[in-house]
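The values are calculated or read from the model by the stated rules, or taken from the named source; none is laboratory data. Computed from a prediction, not measured in an experiment: that's the story for all the values here. Please note: Cβ atoms are built from the backbone with ideal geometry, for glycine as well, and neighbour counts cover all protein chains shown. Surface areas here come from the heavy atoms of the whole protein model, side chains and all, with no ligands, DNA or RNA. Shrake-Rupley method; radii C 1.70, N 1.55, O 1.52, S 1.80 Å.
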Amino acid sequence: MVNVAIDGVVQEAQPDELLIDLINRSGVSVSHVCYHPQLGPIQTCDTCMVEVNGRLVRACATEVADGMRISTKSAKASAAQVEAFDRILSNHLLYCTVCDNNNGNCTVHNTTKLLAIEHQRIPFHSKPYEVDNTNPFYRYDPNQCILCGRCVEACQNVEVNETLSINWEDPNPRVLWDGGSTIGESSCVSCGHCVTVCPCNALMEKTMLGHAGFLTSLKKSALSGMIEVVKGVEPETGYGSILQVSEAEEAMREHRIRKTKTVCTYCGVGCSFDVWTKDRHILKVAPEHGPANGISTCVKGKFGWGHINSEDRLTTPLIRDGDRFRQASWDEALSLVAGRLSEIKANDGPDSLAFISSSKCTNEESYLMQKLARAVIGTNNVDNCSRYCQSPATQGLFRTVGYGGDSGSISDMEKADLVLIIGSNTAESHPVIATRVKSAHKLDGQKLIVSDLREHEMARRADLFLHPKSGTDLFWLNAISRYLLDNNLAHTKFLDQWVNGLDDYQKSLEPFTMEAAARISGVPEETLKTVAHMIADAKAMCILWAMGVTQHTQGSDTSTAISNLLLVTGNYMRPGTGAYPLRGHNNVQGASDHGSMPNMLPGYQSLNDPEVRQRFEAGWKVKLPSTRGLDNHQMVEAIQAGKLKAMYLIGEEMSIVDSNANYVGDAFARLDFFVVQDIFFSNTCRYADVVLPGAPSLEKEGTFTSTERRIQRLYQVLEPLEGCKPDWKITQGIANQLGAGWHYQHPSEVMDEIASLTPMFAGVNYERLAGYKSLQWPVAADGTDEPLLYTKRFAFPDGKARLFPVSWIGPTDQPDSEFDLHLNNGRLLEHFHEGNLTYRTEGIREKTPDTFVEVSPKLAEERGIQSGTWVQLVSRYGQVRVRALVTDRVQGRELYMPMNSVESPVNRLTSSHTDPVTNTPAYKETSIHMNVLAEVGESPLPRINSRFGHPTPQNGVEIERKWKRPDYAPPGNGLVQLQTKQ
Ligand code: SF4
Ligand code: SF4
Ligand code: SF4
Ligand code: FES
């Protein structure tokens with residue numbers, strides 16, 4: 001620590017701390033417009049000038065040093081601050097009273113007040129540009145833009161989409177998209193970072209415009225008139241009295257705008273943010289304090305909330321009446337559900353019933369679902385959709401290190417000096433995690449290796465891109481482990497101290513030579529050796545993987561091979577290392593954590609352990625079934641075999657997202673009784689006997705657990721739509737109709753019960769999760785959590801990890817003469833999964849209206865296909881009709897189909913082959929035949945899709961270019977510092 005004096009008061013500080021942070025921490029008010037703690041120094045505004053030892057410096061770009069004497073209010077500093085801010089006001093018209101950004105957090109407004117500006121010295125001058133309204137979600141008003149560059153910094157260096165820049169050399173600089181495109185036709189992915197950090201109203205969410213203020217919905221002509229009035233009175237009254245009027249209006253807004261913290265409902269990154277609402281209108285999503293995301297979001301979390309107020313929402317229970325459904329009361333629907341479940345249980349036994357919980361629902365809801373199955377019905381037939389994606393990764397980690405979750409945090413991925421991504425389209429499936437890797441790679445010298453079938457964004461950015469043949473990852477991973485061990489490149493000390501099973505493992509690697517790996521995977525031997533040496537040279541490596549690994553017949557074994565490689569190289573137990581299976585849904589981690597699995601009680605406690613069962617029996621006051629239940633793959637088989645008669649399924653579009661969808665639909669049609677709980681009448685509802693309207697995440701309380709094992713609270717943003725109920729209340733209603741006698745008044749009581757029965761969550765409670773607080777499991781009773789696992793020991797009785805030998809079998813469903821093409825599938829950035837939620841956001845639909853099949857330029861030429869050509873894809877299991885998109889993201893005879901379709905779902909083509917360890921479908925092992933149809937339509941992706949843009953990468957705002965302008969001079973005299981970015 002060092003000592004400095006701020007305005008005569010001595011303060012303790014960290015030596016490398018930024019002066020602006022220290023000043024803010026000390027409670028001293030100094031103007032600073034462009035600085036944002038999550039963006040770092042940008043140095044465009046010059047309003048943070050302070051005197052240090054008699055010289056003017058920018059506080060945002062100066063590091064604290066011992067003995068500094070800082071004066072924030074000296075005549076010299078004050079004059080410089082005012083002069084700098086005067087320049088800002090020449091770019092911005094203060095019409096706060098009629099501005100939708102007048103919400104107490106406008107930096108321009110607040111700085112005008114702080115500096116007590118009454119009149120502008122440099123008059124406002126408009127810029128010769130129109131407002132750009134071409135993005136569906138936000139608009140840019142160049143005339144209000146103060147050129148602070150925060151948006152550019154966020155887009156270039158935080159989101160790293162590299163769309164924005166400022167043309168500093170132009171007589172009238174402005175923010176540019178792709179160097180001068182409209183926003184709508186640019187590479188902008190609508191992540192919203194720029195809008196979130198804009199300190200004024202230049203970039204604004206369209207949902208705010210005309211809605212946030214009391215006077216802002218006035219017609220444009222009336223608004224312009226009022227703005228003229230404000231301008232007219234300013235010379236006489238000064239800004240002080242004008243600001244007073246606007247602050248009165250701002251205070252009125254506080255009574256009608258609610259700001260409620262929630263957690264994103266889409267992917268497993270776990271972004272959290274405040275949602276601003278006025279009645280049921282969503283004004284905006286404001287990310288800032290989220291422990292996983294800070295200011296970051298992707299388009300779905302920032303703008304994808306059209307489903308909440310969609311007219312399609314289910315608002316009443318429905319009961320099947322022949323081929324139709326009729327509306328029913330809650331009482332009638334719940335009694336029917338309870339009556340039929342009881343009847344079937346009485347006739348066919350409890351194991352003729354099955355329960356599927358939702359990875360979109362809360363932890364508390366998943367816990368109640370498995371409690372209903374086990375404690376009320378008496379069956380362990382309960383599962384969730386992690387079976388479709390994540391179970392193999394969990395299995396690989398159970399085998400080797402003990403816990404079935406990411407071994408560290410997103411911050412560890414940032415710290416790593418090598419990131420290896422295998423079978424994960426991270427930039428589209430886990431966009432905010434991708435930003436952290438992209439940023440570390442761009443700015444901090446992190447190395448990146450990507451292995452994938454497609455050359456997606458992360459592959460394009462990688463230092464090394466591998467394109468192995470589909471389903472061969474296990475082979476080349478094992479070969480690298482063997483090569484490292486054979487060439488004394490393994491971490492022997494770590495293996496000696498922390499790992500069991502080296503001898504057997506080494507023996508199992510015998511077939512995995514580099515030569516064989518090159519032959520099987522198609523990746524040249526030299527490339528594989530380069531990978532091995534990059535891994536050996538890395539001080540800290542993280543491996544990220546996802547469905548490109550897990551959705552294969554050897555998904556569990558390949559996940560195991562990944563963890564083995566991390567052990568061989570000592571890449572566990574330290575910051576910046578570890579295994580990161582990226583969880584797909586917002587709460588797919590939590591659904592399994594909380595026991596919606598056929599073989600585990602909550603907290604991965606084994607059903608076979610009598611002590612565990614007794615604890616739950618005592619807690620729930622029932623006798624529990626001890627035999628393993630059916631997983632969701634086995635449930636479908638059991639329905640087809642006539643053994644499973646009834647199912648209760650929550651929030652899962654299973655008839656589309658399970659593989660071999662035709663077979664699954666056929667099974668559902670055979671059920672004697674089927675209850676589906678959802679917020680829309682999904683395709684799966686078509687098979688139901690009773691449909692119950694649940695509530696989306698914004699309409700309930702609870703917790704979600706993200707990919708980094710982070711448990712976070714969501715608060716109720718809106719009342720449930722009339723007729724809907726939070727899912728935990730519905731499940732409780734059914735349980736009580738069945739005589740369970742549950743009395744939960746609030747999800748916090750459910751969490752208290754979970755904590756009392758589950759050592760892994762012993763210290764979890766709502767108080768410890770209040771606001772933006774979070775806990776990363778395991779959580780000890782005193783509330784201590786573990787952001788980085790295994791810092792002291794691995795999660796096995798002896799504290800040591802285990803190398804687990806895996807052998808090579810190879811993929812199924814390979815191309816042959818009839819089904820000659822390989823079909824891969826996965827997510828798209830804009831849509832989540834089949835799209836039941838995201839298609840309800842108009843702007844997303846406009847930019848990405850449909851699914852398609854990606855065809856390589858080579859294959860397109862060979863078959864006479866262009867973007868827009870309709871093709872029929874036929875597999876051994878079904879067929880779909882889609883339009884082609886010709887792109888070099890795919891190569892040769894490999895096709896890719898995003899899963900965002902209910903009409904032409906890719907799973908009509910996928911098979912019932914599974915990973916034998918977990919029964920996870922081998923979605924990625926599908927061979928097809930393609931018939932080119934005569935019809936040619938428009939390209940399935942319109943020109944306004946971001947994929948057609950042309951980014952303009954640069955390092956942030958490039959402030960030096962502004963400083964080189966002939967008309968630029970630093971404000972005040974005696975400025976000695978023109979630092980570049982720290
Ligand atoms: S990608 Fe678009 S929305 Fe995201 S920061 Fe860049 S310009 Fe803004
Ligand atoms: S649009 Fe960008 S440069 Fe302009 S005020 Fe907003 S954040 Fe600053
Ligand atoms: S979808 Fe994922 S990355 Fe996007 S905002 Fe939601 S949690 Fe964050
Ligand atoms: S805050 Fe803008 S230059 Fe320091």
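Taking every C-alpha pair closer than 8 Å and separated by at least 6 residues, the mean separation divided by the residue count of region 161-222 gives a relative contact order of 19 percent.
Each Cα pair under 8 Å and six or more residues apart adds its sequence gap; the mean of these over the residue count of region 63-156 is a relative contact order of 30 percent.
Stokes-Einstein diffusion for region 238-325, with the hydrodynamic radius set to the Kirkwood value over Cα pairs and evaluated at 37 °C in a medium of 0.692 mPa s, equals 204 µm²/s.
Dividing the Cα radius of gyration of the chain by its Kirkwood radius returns 0.98 for Rg/Rh. Working from label points 7 Å from Cα in the Cα-to-Cβ sense, the Val2 to Lys507 distance is 6.1 nm. The solvent-accessible area of Thr684, taken with every protein chain present and a 1.4 Å probe, is close to 0 Å².
Distance between the 7 Å Cα→Cβ label points at Asp609 and Asn105: 4.3 nm. Rounded to the nearest 10 square angstrom, Asp782 shows an accessible area of 100 square angstrom against a 1.4 Å probe. Kindly identify region 851-967 as rounded, prolate or oblate by the Cα gyration tensor criterion: order the square roots of the eigenvalues as a ≥ b ≥ c, call it rounded if a/c is under 1.5, otherwise compare a/b with b/c, prolate if a/b is larger, else oblate. Prolate, because a/c is 1.5 or more and a/b exceeds b/c. Under 16 Å from a point 7 Å along the Cα-to-Cβ line of Lys493: which residues of region 561-604 have their amide N that close? What the label zone holds, given the 16 Å backbone N cut-off, is 568-575. Seen from Glu525, the other residues with C-beta closer than 10 Å to its C-beta sum to a net charge of 0, counting Lys and Arg as +1 and Asp and Glu as -1.
In this structure, Phe124 and Ala669 have a Cβ-Cβ separation that, at R0 = 45 Å, corresponds to a calculated FRET efficiency of about 0.10. With the highest mean first, a sort of the peptides 81-91, 698-708 on other beta-carbon atoms found within 10 angstrom per residue produces 698-708, 81-91. Ordered from largest to smallest accessible area (heavy atoms of protein chains, 1.4 Å probe), the residues Arg320, Arg670 come out as Arg670, Arg320. Each Cα pair under 8 Å and six or more residues apart adds its sequence gap; the mean of these over the residue count of the chain is a relative contact order of 15 percent.
Residues Arg519, Arg840, Arg454 ordered from highest to lowest accessible area at a 1.4 Å probe: Arg519, Arg840, Arg454. Solvent-accessible surface of the chain, averaged per residue with a 1.4 angstrom probe and all protein chains in place: 34 square angstrom. Out of the total accessible area of the chain (probe 1.4 Å, heavy atoms of protein only), what percent is carbon and sulfur? The value for the chain is 50 percent carbon and sulfur by accessible area.
Measuring with a 1.4 angstrom probe and ignoring ligands and nucleic acids, Val568 comes out at about 0 Å² accessible. Length available on full extension from Asp312 to Gln866: 0.36 nm per residue minus the Cα-Cα distance, which gives 195.9 nm. Backbone geometry of region 179-193 corresponds, through the Karplus equation with coefficients 6.51, -1.76 and 1.60 at θ = phi - 60°, to 3J(HN,Hα) couplings of x, x, 7, 6, 4, x, 9, 8, 7, 4, 9, 6, 6, x, 3 Hz, x marking Gly and Pro. When the listed pairs Lys278/Lys300; Lys442/Lys964; Lys206/Lys725; Lys447/Lys529; Lys302/Lys773; Lys415/Lys442 are checked against a 23 Å cut-off, the alpha-carbon distance exceeds it for Lys442/Lys964; Lys206/Lys725.
If the chain linking Glu767 and Val932 were pulled fully straight, counting 0.36 nm for each residue of separation and taking away their Cα-Cα distance, it would gain 53.5 nm. Charge tally for Ile480 (other residues, Cβ to Cβ under 14 Å; Lys, Arg +1; Asp, Glu -1): -4. Over the residues of the chain, the helix contribution to mean residue ellipticity at 222 nm works out to -8500 deg cm²/dmol, using -39500 (n - 2.57) for each DSSP H run of at least 4.
A 1.4 Å probe over all protein chains sorts Thr920, Thr952, Thr207 by accessible area into Thr207, Thr952, Thr920, starting with the largest. Rounded to the nearest 0.05, the FRET efficiency derived from the C-beta distance between Gln879 and Ala641 at R0 = 35 Å is 0.85.
Where does the charge balance sit around Glu185 when Lys and Arg score +1, Asp and Glu -1, over other residues with C-beta under 14 Å from its C-beta? Neighbourhood net charge equals 0.
Put a plus charge on the Cβ of each Lys and Arg, a minus charge on the Cβ of each Asp and Glu, and nothing anywhere else: the dipole of the chain about its Cα centre is then about 540 debye.
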